[in-house]
Amino acid sequence: MIQKLFFDNVVDAARHITDMLSSMLKVNTIFVASNDGKTNHILKAFNRDQILVEEGIQLPLQDTYCGLVSRKVVYISHTLTHPYTCELPVTANTGDHSFIGFPVLLQNGESFGTVCALHTPGYIFSKSEVKTMHSMAIFLSYVVELENRLEQQIEINDDLIQDHQQVTVKLDDLKQQKEEVDLQLQYKSDTMAILSHEIRNPLNGVISMVELLEPTPLNPEQRSHLDIIRKSSHTLMEMLDNVLDFSKMEAGEMQVDMELFDLPALVEESTYLFAAKAMERNIEIILEIEENIPILYGDTRKIRQILINLISNAVKFTQKGDVHIQAQVLPESNSDEVSVKFSVTDTGIGIDDQQLDQLFERYVQVHNKQGQYKGTGLGLLICRQLVELMGGQIIVSSIKGKGSTFAFILTLPRHEFSVPTFRQPILQGKRMLVVDDNDKALQWVSRLAEDWDIQLSQTDRIEEMLRRLEKGQSFDVIMLDHELVATEKQTVIRQQIEQLQQMYGIPVILLTSVGMTMDPTLRTWSKSVVSKPVRRSYLMNALIFALTDTKSNTTPSS
C-alpha cells in the first residue's frame with residue numbers, strides 16, 4: 001500500500017526547503033522557482049535583510065538568473081559586471097549581488113526549476129553551503145517525481161530516505177563541529193583562568209609587601225610612592241578580574257552593579273596611576289573635572305577600567321605634549337539622571353581615518369605593524385562592550401600625527417545627597433599668580449581659581465613674574481612650575497625669586513610631577529609642593545596651608 005505523501009504539493013515542499021536553508025545558511029535570499037521553458041515562477045522565497053525576490057512573481061525565463069541554470073550549477077560573483085547578467089532587468093532592479101543556482105532535474109532529463117541564493121557581492125559559498133543547497137535541489141526533484149509518477153512511489157521514497165540520511169549526517173557533522181568549538185572555547189577559558197591564577201600569586205606578594213611597608217617609618221615622598229604601588233596593584237588585580245569577565249560579556253552574562261560613588265575622586269584616582277609614567281615620558285597629565293558633579297549611582301569597577309584603559313593608551317602613544325582628562329555634565333541631564341561625558345585627549349601619533357573603524361574589533365592593534373607597541377588588542381573592544389553594557393556610547397576622533405580623543409557618555413542615576421562645596425572663605429578675594437608654560441594646565445588652575453573666587457593672574461615666563469614683582473604688584477600666593485627653576489642654569493633666577501619672596505613675604509607653591517627628585521634648596525623657600533596632575537582637594541589644602549601657616553616654610557608633598 002502506497003502511504004500518503006508528507007507534502008501535499010510542490011509548493012509545500014518548496015516552503016520546507018526555504019525554511020531549512022534559511023536556518024542552515026546565513027545568506028540574504030533563498031528561493032525556489034519552477035519554469036515551463038518560457039516563464040519562470042517563484043514558488044517560495046526567503047529574504048533576511050533586503051527583499052530581493054518576492055513569491056508569486058512570474059517573469060520571462062530569459063530575463064531571469066534562473067534562465068542561466070539548465071543542466072549544471074551556476075555561480076556568479078558579481079551580477080552587475082558579469083556579461084550574462086549585467087544587462088538583465090532583474091539586475092537593474094536589485095543591484096550587484098553574488099548568485100548561485102542549482103537545477104531541479106527530473107528523471108527524464110527535463111528541467112523542473114531551480115534552487116537559488118543571493119548574497120553580498122563577491123561572496124564565495126562554502127563547500128558545506130554548496131552541498132546543502134545541492135541536496136535540497138535533489139530533494140525537490142524527488143518531490144516533483146512523487147507527484148508526477150505515483151507508480152514509482154516506493155523507489156522515490158527510498159531516494160528521499162537516502163537524502164534524509166545525508167541531511168542527518170550533515171547535521172551530525174555540524175553538531176560535532178559545534179562541540180569541538182565549545183571545547184576550544186572552554187580550553188581558552190580554562191587557560192585564561194590558570195594564567196590569572198599564576199599572575200595573582202606574585203601580585204598578592206606585592207600587595208602583602210606594601211601592607212608590611214605601610215606602618216614603617218617613611219618620608220612623605222616614599223609614602224606617596226607606596227600609595228601609588230598599592231593602588232596600582234589593586235587596579236591590576238581588578239584588571240585580571242575584568243579579563244575573566246570578558247567571556248561573560250561574550251556570553252551575555254555580565255551584570256551591571258550599581259553603587260554610590262564620588263565621580264571626581266574616581267577620575268582623579270584613575271588618572272594618578274599614570275602620573276609617574278607620564279613624567280618618565282616627559283609629558284604632562286592635565287585633569288579638568290567640572291565642579292558640583294552630584295553623587296551618582298554606577299558601576300565604579302567598570303568605569304574605572306574604561307578610564308584606566310583609555311588613559312594608558314593615551315600615555316603610551318604620546319611622545320610629547322600632554323594628556324588631557326575631562327569629566328563634565330551634559331546639558332540634557334534631568335533631576336533624576338545625569339549624563340556625564342568622560343574625555344581623554346592626547347597629542348600623540350593619531351590614527352588614520354581608514355583605521356578608525358577597526359579600533360573596536362577583536363585583536364586589532366592599528367599601531368603595531370612594527371611591533372613597537374605591545375598589547376593584546378582587546379582593550380578597546382572591552383571598553384566599548386562595557387560602555388554599551390551600561391547603556392552608554394563611546395566616541396573617537398583623531399588626526400594622524402596630531403593626536404586623538406576618546407570619549408564615552410554614561411547616563412547615571414543621581415542621588416539626593418548634596419555635593420560638598422570646595423568654596424572656602426579664606427580663599428575668596430585672594431590674589432594668586434600662576435607661572436606655568438602649559439596652556440591647558442593654566443586653564444585648569446584658572447577654572448579652579450574662578451570657582452573659589454580667587455583673583456588670578458597668570459604667565460608662562462619666569463621673567464614676566466619677576467617684572468611684575470619688581471614693579472610692586474601684590475600677590476597673596478605664587479604657584480610656580482618646578483621645571484621652570486629646576487636646572488643649575490636657573491640658579492640666579494631662583495635667587496631673585498627667593499629674595500623677592502622674602503622681601504614681600506609671598507608664599508610659593510611648587511608644581512611638580514609625581515616621583516620627580518627635587519632640589520632641597522627649592523623646598524626651603526616653598527610653602528608646599530603639589531603634584532601634577534593637580535587634584536582639586538590637594539590644591540585647596542596647599543593654598544589654605546600657604547595662607548595660614550606661620551611656623552615653617554615647608555610642608556609635605558601632596
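The values are calculated or read from the model by the stated rules, or taken from the named source; none is laboratory data. In this text the structure is predicted, and so the values were computed from the model without any measurement. So basically every Cβ, Gly included, is an ideal-geometry build from the backbone, and we count neighbours across all protein chains shown.
The single condition from (1) without any contact (Cβ under 8 Å) to a residue 40 or more places away in the chain; (2) assigned to a strand (DSSP E or B); (3) of a type in the set (Ser, Thr, Tyr) that residue 34 fails is (1). Screening 129, 110 for residues that are assigned by TED's automatic domain parsing to the domain that holds residue 45 and buried (at least 16 other Cβ atoms within 10 Å of the Cβ) leaves exactly one candidate, 129.
Whenever a residue of segment 492-511 is in contact (Cβ under 8 Å) with a residue 24 or more places away in the chain, its partners that are surrounded by 17 or more Cβ atoms within 10 Å (Cβ to Cβ) and among the acidic types (Asp, Glu), lying with C-beta atoms within less than 7 angstrom and at least six residues away or across chains, give the pairs 511/436; 511/481.
Candidates are the residues of segment 80-90 that are touching a strand residue (DSSP E or B) at 6+ places or on another chain (Cβ under 9 Å) and either of a type in the set (S, T, N, Q) or surrounded by 15 or more Cβ atoms within 10 Å (Cβ to Cβ) (or both); the one that is farthest from residue 40 (Cα to Cα) is 82. Among residues of segment 37-55 being acidic (Asp, Glu) and either modelled with pLDDT of 90 or more or surrounded by 12 or more Cβ atoms within 10 Å (Cβ to Cβ) (or both), the one that is farthest from residue 87 (Cα to Cα) is 55. Any residue at all in segment 166-185 that is modelled with pLDDT under 75 and among the hydroxyl-bearing types (Ser, Thr, Tyr)? No; the residues of segment 166-185 include none that is modelled with pLDDT under 75 and among the hydroxyl-bearing types (Ser, Thr, Tyr). When segment 268-300 is filtered for residues that are more than 20 Å from residue 436 (Cβ to Cβ) and either assigned to a loop (DSSP other than H, G, I, E, B) or in contact with a Pro (Cβ under 6 Å, 6 or more places away or on another chain) (or both), the ones remaining, listed by number, are 273, 290, 291, 292, 293, 294, 295, 297, 299. Taken over segment 56-79, the criterion of being buried (at least 17 other Cβ atoms within 10 Å of the Cβ) and charged (D, E, K, R) is satisfied by no residue.
Okay, residues lined up against (1) crowded, with 20+ Cβ neighbours inside 10 Å; (2) assigned to a loop (DSSP other than H, G, I, E, B):
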| residue | (1), (2) |
| --- | --- |
| 307 | yes, no |
| 311 | yes, no |
| 318 | yes, yes |
| 350 | no, yes |
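Residue by residue through segment 186-207, note down the ones that are modelled with pLDDT of 80 or more and farther than 19 Å from residue 269 by Cβ. Result: 202, single match.
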